[in-house]
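Structure first, commentary second.
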Amino acid sequence: MPAKSRFTRLDAFTKTVDEARIRTTSGGIVTIASLLIVMFLSWGEWMDYRRIEVHPELIVDKGRGEKMEIHLNITFPRIPCELLTLDVMDVSGEQQTGVMHGVSKVRLAAVREGGGVIDIKALDLHAEDQASHLDPNYCGGCYGATPPPTAIKSGCCNTCEEVREAYASVSWAFGRGENVEQCEREHYSERLDEQRKEGCRIEGGIRVNKVVGNFHIAPGRSFSNGNMHVHDLNNYFDTPVDGGHVFSHTIHSLRFGPPLPEEVAKKISKSKLQTDHHTNPLDNTEQITGDPAYNFMYFIKVVSTSYLPLGWEKMYKKLKFSNEWVGLGQYGQASDGSVETHQFSVTSHRRSLNGGNDAAEGHKEKIHARGGIPGVFFSYDISPMKVINREERTKTLAGFLTGLCAIIGGTLTVAAAVDRVLHEGATRLKLHSKSM
């Protein structure tokens, strides 16, 4: 026998010689069953370790000087595109009037004609108004208004559109352009009348400051009159269309920031955080009115929301870029898969500009103010809180190894106890049968 070392006395795992071991059929069955159980539980532990969950956090939004994008798709079936204007303004004093960059006006056929999209080439009423056929020395008058800085020829108003811009810059109403040489030459009023029964769909995106503000879609060119923001409503109310133009509309989609990728939305749905996380509350909203002097107001509370994929910290240190210069529609999306977007809640209100009360609906105590601008108005407020959806593994590597050891040790211990019971039972039965 080999000499005993000083560690022999510390051996907690005593052994038996092979001659003292007994192998039984029941022991073999228990061994196979325990191995299958260990494999099954170990596979489950591995899958649990590999599983990724989305954990929500609520923090104070400490961002400063940020921007956000508003993406909209709204149909107005009873107003032509020529009469609609999209304006944006916020509490910082920034205004975007007559927004066109990033936004498309899609002319639609009349409702009675199916409301289909008219030829894309005809989307812009002034697509051909470049005055290229005029004498190079021609300089049209602005009729007392200040020539627009964007004029084709500096200091002149060579097109009807430039005259309209000049009028708006000095807060003058324009009307149908009667007695305006440029508009009569371009047959502006006739072309406007041709579009009277058409509808319009406004779609696209705008980038705004991340502060309290509003954007609205209203008729006529907008301009400032003192401290007031007003619209030239002459062409809206003075119309040959029976019943006039009305602001019935359908909001196909409205979102603040980029949408969550489909696979991300599925992960969040599986985590039971919010099954309609990627659905915005105003999508597929329809509002109907028969009153031309009517407006709709939506009061929106915007909450910043981040999605951080697994391993985003490593990529974040390498990413050194500013969202300020990315293209429209890509703001808030990083190459590491993280997304900076926004959720929102909304409350809507509608009223007639003629005032009155809701006696017809049984609420005569509810009185509406008189006056205002017809249109659709969206007022948004920014929440000081921010939601972070962070991907995390359900277990660490140490937790996985601990669970694996617990499975193996626990299963073998229970298996040994079961084998012991079966062996003792079989032995007692044999002794009992012999004594009989």
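To keep it simple, each residue is scored yes or no on (1) under 30 Å from residue 250 (Cβ atoms); (2) open to solvent by less than 70 Å² (accessible area, probe 1.4 Å); (3) without any contact (Cβ under 8 Å) to a residue 60 or more places away in the chain.
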residue	(1), (2), (3)
46	no, no, no
64	no, no, yes
72	yes, yes, no
90	yes, yes, no
102	yes, yes, no
116	yes, yes, yes
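Can you confirm whether residue 84 is farther than 25 Å from residue 260 by Cα and open to solvent by less than 10 Å² (accessible area, probe 1.4 Å)? Steps first, please.
Working: farther than 25 Å from residue 260 by Cα: yes; open to solvent by less than 10 Å² (accessible area, probe 1.4 Å): yes.
Yes: the conditions hold for residue 84.
Sort out which residues of segment 181-204 are under 30 Å from residue 66 (Cα atoms) and either surrounded by fewer than 18 Cβ atoms within 10 Å (Cβ to Cβ) or basic (Lys, Arg) (or both), and write them in order of number. The answer is 201, 203.
Residue check: residue 146 meets all listed conditions (1) open to solvent by 40 Å² or more (accessible area, probe 1.4 Å); (2) assigned to a helix (DSSP H, G or I); (3) modelled with pLDDT of 75 or more but one, namely (2). Taking the criterion of being in a helix (DSSP H, G or I) and open to solvent by 70 Å² or more (accessible area, probe 1.4 Å), the only residue of segment 149-174 that qualifies is 169. Residues in segment 207-258 that are buried (at least 19 other Cβ atoms within 10 Å of the Cβ), part of a strand (DSSP E or B) and β-branched (Val, Ile, Thr): 208, 217, 251. Residues in segment 186-193: is at least one at pLDDT 80 or above and closer than 30 Å to residue 253 by Cβ? Within segment 186-193, one or more residues are at pLDDT 80 or above and closer than 30 Å to residue 253 by Cβ. Of all residues in segment 190-242, those that are in contact (Cβ under 8 Å) with a residue 40 or more places away in the chain and farther than 19 Å from residue 81 by Cβ total 13. The one condition from (1) without any contact (Cβ under 8 Å) to a residue 40 or more places away in the chain; (2) at negative phi that residue 187 does not meet is (2). Checked against (1) outside any strand (DSSP E or B); (2) within 19 Å of residue 295 (Cα to Cα); (3) open to solvent by 10 Å² or more (accessible area, probe 1.4 Å); (4) not acidic (Asp, Glu), residue 79 meets all criteria but (3).
The values are calculated or read from the model by the stated rules, or taken from the named source; none is laboratory data. If you're wondering where the values come from, they're calculated on a predicted model, not measured in any experiment. Neighbour counts run over all protein chains shown; Cβ positions are idealised from the backbone, glycine included. Only protein heavy atoms, including side chains, enter the accessible area calculation; ligands, DNA and RNA are left aside. Shrake-Rupley method; radii C 1.70, N 1.55, O 1.52, S 1.80 Å.
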